[in-house]
Amino acid sequence: MYLKGLDEELSTTDKHTIHGRLLLREKKMTERLLHELRETRIQKIVSAAENHIPIQITSLTESESGLFEKIEQSIASMNQQLVTFPKGTDESDELRVIRILEDIPEIVGVDLKIYGPFKKEDVTSLPAPNARALEKQGAAKTIEVKDFPKSG
C-alpha cells in the first residue's frame, strides 16, 4: 500500500525536482528495506523448520505459513529416506563376484575403498552397487558363487 502510494505520487511529480528525487530515493530505500525484511523472515522460517523450533503460524503471512509447512514436510521426507540400515543388511556390504569384460581403471567403491585397475577377463569381488553399475555399462558380468562370504 505504501509503495503504491509512492508510485502514484511519483507518476504526477516531475522527477527532476528536489521533491521528485526525494520521492524516488524514498521508494528505492523502501523497496530495499522490504527486500531485506522478506529475506530475514525467510531465513528465520527456514531455520525454525530445520531446527524444529516451534513457530507461531498466526504471526506469519499466508505465503510464509505455506513455505514453513512445505519446508517441514520436505525435511521430514528427506529424513525418512535417509534411514540407515543395521550393519549387515546394507546392500553396500554385499560383495558380488564379477568377470571383467574390458580394461577398467581404478574405481572407488561405495565403501570408499579403491578397486582395480582391472584387465579384461580378470575375476574380482566388488560391492554389489559397483558390480551392478559395471554390468549396466557392459564392462562386467556377475559370476554366481555359492556361499560367497560377505565382507565385514
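The values are calculated or read from the model by the stated rules, or taken from the named source; none is laboratory data. Since the structure is predicted, the reported quantities are computational estimates derived from the model, not experimental observations. Please note: Cβ atoms are built from the backbone with ideal geometry, for glycine as well, and neighbour counts cover all protein chains shown.
Values computed for the structure shown
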{"quantity": "The lone exception for Asp111 - which of (1) touching a Ser or Thr at 6+ places or on another chain (Cβ under 7 Å); (2) within 10 Å of Leu95 (Cβ to Cβ); (3) modelled with pLDDT of 90 or more it fails", "calculated": "(3)"}
{"quantity": "Residue check, Lys4 touching a Leu at 6+ places or on another chain (Cβ under 6 Å), at pLDDT 90 or above and charged (D, E, K, R)", "calculated": "no"}
{"quantity": "Condition broken by Ala76, with the remaining ones in (1) among the small types (Gly, Ala, Ser); (2) out of contact with any helix residue (DSSP H, G or I) (no Cβ under 9 Å at 6 or more places or on another chain); (3) modelled with pLDDT of 85 or more satisfied", "calculated": "(3)"}
{"quantity": "Where a residue in segment 23-34 is farther than 13 Å from Gly5 by Cβ and its partner, wherever it lies, is part of a helix (DSSP H, G or I) and charged (D, E, K, R), with Cβ under 8 Å and at least six apart", "calculated": "none"}
